[in-house]
Amino acid sequence: MLAIMVAALAGMLVLVFRGRRGGRLPTDAEIGSLYLTGVSPRPEAMGEQFVTVTGNLSGPSEPGKVVYGRMVWDAAYWPSVGDTLTVAYPPGKPDRWRIVEPGAGGQ
């Protein structure tokens, strides 16, 4: 019983130290831009809501790749098709992009 409790505590500590989002971007992350080509409809409810976006990501080592993602966003500042977001991603892994500028509520 004690072993199970210690293992559970160790598991929770790992999650806390890694962060709720499953880790952080490396220090050598590349900065690029994401041109939005698709955005889910804005819900009627205000506050933080889930949004799904798709778009073209381009950066120093990536001439253009279609990517998509789902994140929490403030409905008062809902993104729209044609917006350009600044993103960061690990070198060579543009599918693991994250927004680096404010606007996304939970990204």
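Restricting the range 26-107 to GluC sites (Glu not before Pro) that sit in a DSSP loop and have at most 12 other Cβ atoms within 10 Å of their own Cβ leaves GLU44. Going by a ≥ b ≥ c, the root eigenvalues of the Cα gyration tensor, does the range 37-107 fall in the rounded group (a/c under 1.5), the prolate group (a/b larger than b/c) or the oblate group? In terms of gyration-tensor shape, prolate. Rolling a 1.4 Å probe over the protein chains gives THR27 an accessible area of about 150 Å². Which FRET efficiency, nearest 0.05, do ALA45 and ASP83 yield, Cβ-Cβ r, R0 22 Å? My answer for the efficiency is 0.55. Applying the Karplus relation 6.51 cos²θ - 1.76 cosθ + 1.60 with θ = phi - 60° to the range 68-77 yields 3J(HN,Hα) values of 9, x, 10, 8, 8, 9, 6, 5, 6, 10 Hz, where x marks Gly and Pro.
The values are calculated or read from the model by the stated rules, or taken from the named source; none is laboratory data. Values in this document were obtained by computation on a predicted structure and should not be read as measured data. Glycine also receives a Cβ, built like all others from the backbone with ideal geometry; neighbour counts cover every protein chain displayed. Heavy atoms of the whole protein, side chains included, go into the accessibility calculation; ligands, DNA and RNA do not. Shrake-Rupley method; radii C 1.70, N 1.55, O 1.52, S 1.80 Å.
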